[in-house]
Amino acid sequence: MSWIREGELTIIERFCANIIKAGPMPKHVAFIMDGNRRYAQKCHVERQQGHSQGFDKLAQTLRWCLNLGIREVTVYAFSIENFKRSKEEVDGLMDLARQKFSRLLEEQENLKKHGVCIRVLGDLPLLPVDIQELIAQAVLATRNYNKCFLNVCFAYTSRHEISNAVREMAWGVEQGLLEPSDVSESLLDKCLYTNNSPDPDLLIRTSGEVRLSDFLLWQTSHSCLVFQSVLWPEYSFWNLCEAILQFQMNHSALQKARDSYLEERRRQQLERDQAYVSKKLQQEGSSCPGDPRRRRTLLQKCTALREERIQGFLQALEHKRADFFERLCPVSA
């Protein structure tokens, strides 16, 4: 099964899609693809068959998203917690990953046609080396495409991602790239695996479970969360439309909350910068600590130096992450 199915919507689907697209549309949708094992049990087939059917549904859903103008999709493919499942099931999932990433490498013309950039997010060294190498080839082969983006969270949990982001900032301080005062929520955002993506507008979980299961906890604080009872392999175009309608009904409130949060974050950063300037003036023993021109000059300098340090750190971090893939796949790099 291809990663992206070819084909168009039916006439009735196109009609409904055009109506839905008249309202605000999510630009980035995240999926917790839950229910593969229950689907297998329901259909009296092996668990592995349920997982395979789940991948086929992902390919179909990506096509629906493209037809609806949704240009970024993030999926929860394999949690670090899944390593605790039976060896038979974990081995089966790893075999499925080998098959699907190998198939992806055979579909480069199709990915190029649609401009699909594949990103795989997670603690990839936890995976078998051969799967790491397949992932590296897929990531490097598509990294320059920018029409649409598929983020596959593999060997991932949100708490692990946040912990890793904190370690990256600590590394930046240790290397002398950052000052401790540079550490902030905004910087942590940029150290997450998802640093190249906007936060999801809409998160959908199937199978009736009403929890996030350690998925994108940081990124979905202002996202529309939709929980649907359908099992993932049985997901339909109409289920997706229902979720988008829920997003549209809540769009105004969500946008207002997001804007308010960003404004508060900017205000807090300004307060930190002003406190730094006041401390600096005291250290200098300035005879006129209240001089507005001097304070403004120092504030501008403080902001410029901080941004310069942060940009240098982020470039070093990006190089470190790119180097991980290139070491696994030196020929393609």
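The heavy atoms of MET169 offer some 10 square angstrom of accessible surface to a 1.4 angstrom probe. Highest GNM mean-square fluctuation among ARG103, ARG306, ARG295, for the chain modelled with Cα contacts below 10 Å: ARG295.
Pull out the extension gain between CYS16 and ALA275, defined as 0.36 nm times the separation in residues minus the alpha carbon to alpha carbon distance; nm, one decimal. Could you put the intermediate results ahead of the total?
Numbers: separation 259, 0.36 × 259 = 93.24 nm, distance 5.42 nm.
The CYS16-ALA275 span can extend by a further 87.8 nm.
The long axis of helix 87-106 is offset from the longest Cα principal axis of the chain by roughly 80 degrees.
The residues of region 218-267 expose on average 53 square angstrom of accessible surface per residue, using a 1.4 Å probe on protein heavy atoms. Between LEU105 and ASP291, the modelled label-to-label distance comes to 6.5 nm, taking each label 7 Å out from Cα in the direction of the beta carbon. Expressed as an acute angle from 0 to 90° and rounded to the nearest 10, what is the orientation of the C-alpha long axis of helix 158-174 relative to the principal long axis of the chain? Computed tilt is about 30 degrees. Amide H contacts of GLU72: VAL29, PHE149, each under 5 Å away and 5 or more positions distant or on a separate chain (H built 1.01 Å from N in the peptide plane; Pro and chain starts excluded).
Across the accessible surface of region 11-328, with the other protein chains kept in place and a 1.4 Å probe, carbon and sulfur atoms take up 51 percent. Measuring with a 1.4 angstrom probe and ignoring ligands and nucleic acids, VAL139 comes out at about 20 Å² accessible.
Size descriptors for region 185-322: radius of gyration and Dmax over Cα atoms are 21.8, 73 Å. The phi-based Karplus calculation (6.51 cos²θ - 1.76 cosθ + 1.60; θ = phi - 60°) puts the 3J(HN,Hα) values of region 207-220 at 5, x, 6, 10, 7, 8, 6, 6, 10, 6, 4, 5, 7, 9 Hz, whole numbers, x for Gly and Pro. By how many degrees, 0 to 90 and rounded to 10, does the Cα axis of helix 47-67 deviate from the longest principal axis of the chain? Helix 47-67 and the main axis of the chain meet at about 60 degrees. Compute a Gaussian network model of the chain, connecting alpha carbons closer than 10 Å, and tell me which residue from ASP56, ASP214, ASP95 fluctuates the most. Largest GNM mean-square fluctuation: ASP95.
Heavy-atom accessible area with a 1.4 Å probe sorts TRP232, TRP238, largest first, into TRP238, TRP232. The modelled label-to-label distance for the pair LYS320/VAL166, using points 7 Å beyond Cα in the direction of Cβ, is 1.6 nm.
Phi angles of region 295-312 translate, via the Karplus equation with coefficients 6.51, -1.76, 1.60 and θ = phi - 60°, into HN-Hα couplings of 4, 5, 4, 5, 5, 5, 5, 4, 5, 5, 5, 4, 4, 5, 5, 5, 5, x Hz per residue; Gly and Pro are given as x.
When the Cα gyration tensor is reduced to axis lengths a ≥ b ≥ c, the ratio a/c is 1.5 or higher for region 222-285, and with a/b above b/c it is classed as prolate.
Using the Cβ-Cβ distance between GLN300 and GLN268 with R0 set to 25 Å, the FRET efficiency works out to roughly 0.85.
The values are calculated or read from the model by the stated rules, or taken from the named source; none is laboratory data. Bear in mind the structure is a predicted one, so any value in this text is a computation, not a measurement. No Cβ is skipped: glycine too gets one built from the backbone with ideal geometry, and neighbour counts run over all protein chains shown. Accessible surface areas use protein heavy atoms only, side chains included; no ligands, DNA or RNA. Shrake-Rupley method; radii C 1.70, N 1.55, O 1.52, S 1.80 Å.
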